[in-house]
Every structure is written in structure tokens, then in C-alpha cells.
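Values in this text are rule-based calculations from the coordinates and carry no lab data. Here the structure is a predicted model, which means the values were calculated and not measured.
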Amino acid sequence: MKKATIVVLVMLSLLVAGILPALAADKVGGGDITYPGKTKPQVVFSHGSHATAGFACTDCHTKTFQYKKGNVKMADMYAKKSCGVCHNGATKGPKNGKVAFAIAKCDSCHKK
Ligand code: HEC
Ligand code: HEC
Ligand code: HEC
């Protein structure tokens, strides 16, 4: 093999070695957070989709949510707090421009 070919192969293998772990650790912020339902189907909050919509960590942390799972309450949402800060049928993702459905759209969060 030519020296140049070997150099290219070594560089390629280094590239793959760098990319594969990055894909395995494909998790944005706190990842997907699942809230098991009792009377309603479970809710999955996706950090990934909210990051894609264009929100920064500081848009939610820590004025609305702590960096810790377990303080999300339906009663707060009805009072326009918690998820209801944005899920009002009007707030748009800064990057993708998609509208946050209103709290009245129960099934958009509570999915089987
Ligand atoms: C759209 C709002 C929102 C944005 C933006 C957001 N988070 Fe979160 N984050 C949440 C919610 C909701 C929880 C869970 C809070 C709860 O259950 O009380 C959470 C929890 C977490 C947790 C704890 C996870 C656990 O299992 O306990 C970490 C860590 C975290 N977020 C990191 C980040 C980082 C880093 C970013 C920016 C890349 C980010 N978050 C952006 C809403 C958001
Ligand atoms: C900072 C504003 C903001 C907060 C806070 C917020 N959302 Fe959203 N959310 C949005 C916007 C805007 C969209 C529409 C963007 C899109 O669909 O790409 C969205 C989309 C969604 C979607 C549809 C996309 C998906 O991930 O399946 C779900 C479900 C959702 N939010 C759940 C929640 C829950 C549960 C909470 C509270 C724990 C929450 N959101 C808090 C702004 C917010
Ligand atoms: C923005 C997302 C979102 C929307 C929209 C939403 N919920 Fe929830 N809901 C949640 C989350 C997250 C929890 C988990 C909080 C907890 O553990 O108490 C929850 C918990 C609940 C609970 C308590 C747990 C259970 O299964 O018994 C009830 C009842 C409930 N929601 C009813 C509703 C109803 C009715 C609507 C529509 C009027 C609604 N929710 C709309 C996110 C949402």
C-alpha cells in the first residue's frame, strides 16, 4: 500500500471511532422523560424535539423546570405554568416556527 493510502485509512478509522460513540450518546439535555399515567395515557417529554424547535436550556431551566425530574403537575399547566407556559396554542418554536398546542389538546401529550 502507498503511504498516502495508509494515511487516509488511518484518518478514516479515527473519524469512524469518533462518530460512533457520538451517535450512541445521541441524547439532548435530559433526554426523553416519561411520565407514567394513571387515568390517562403516559406523557413523553422530548428534550430533542424542543431543542429542534429552537429552545435553549435557559428558556426552561431553571425558571420553569429544575434540572431534575419530578415536579411537573397537571394543575400547574391549567394555571398557565409548567408546560402551560408555552402550550397555549400560540407560542412558536424560535427555529422551526411550529406552534405549541394548547393544554386542552390532552391527546397531543397523553399518547398511548
Ligand atoms: C422546553 C423546556 C426544556 C428545555 C428547552 C430544556 N429542558 Fe431540561 N427538562 C425539562 C423538563 C420538563 C424536565 C423535567 C422536569 C420535571 O420533571 O420536574 C427537564 C429535566 C432535565 C434534566 C434532569 C433529567 C432527569 O432525568 O432527572 C436535565 C439534566 C436537563 N433537563 C438538562 C437540560 C439541558 C442541558 C438543556 C439544554 C440542552 C435542557 N434541559 C433544555 C424541560 C426543558
Ligand atoms: C419553552 C416553551 C415550551 C415548554 C415549556 C414546553 N413546550 Fe412542548 N412544545 C413547544 C413548542 C413550540 C412545540 C412545537 C414544536 C414542534 O412540534 O416541533 C412543542 C411540542 C411539543 C410536543 C410535540 C412534539 C413531541 O415532542 O412529540 C410535545 C409532546 C410536547 N411539546 C410536550 C411538552 C411537555 C410534556 C412539556 C412540559 C413538561 C412541554 N412540552 C413544555 C414549546 C414548549
Ligand atoms: C403539555 C402536555 C400535556 C397536556 C396537553 C395535558 N397533559 Fe395531563 N399531564 C401531563 C404530564 C407531563 C403529566 C404528569 C404529571 C404527573 O405525574 O402528575 C400529566 C398528568 C395528568 C394527570 C394525572 C395522571 C393520570 O394519568 O391520572 C391527569 C388526570 C391529566 N394529566 C389529565 C389531562 C387532561 C384531562 C388534559 C386535557 C385537558 C391534559 N392532561 C393535557 C402533560 C400534559
Problem set entry | Phi-based couplings in Hz for segment 34-39 (Karplus 6.51, -1.76, 1.60; Gly and Pro marked x) | 9, 10, x, x, 10, 8
Exercise. How many percent of all Cα-Cα pairs in segment 27-109 sit more than 14 Å apart?
Worked result: 66 percent
For this session: Subtracting the Cα-Cα distance from 0.36 nm times the residue separation, let me have the gained length for residue 81 to residue 68 in nm, one decimal.
Result: 3.0 nm
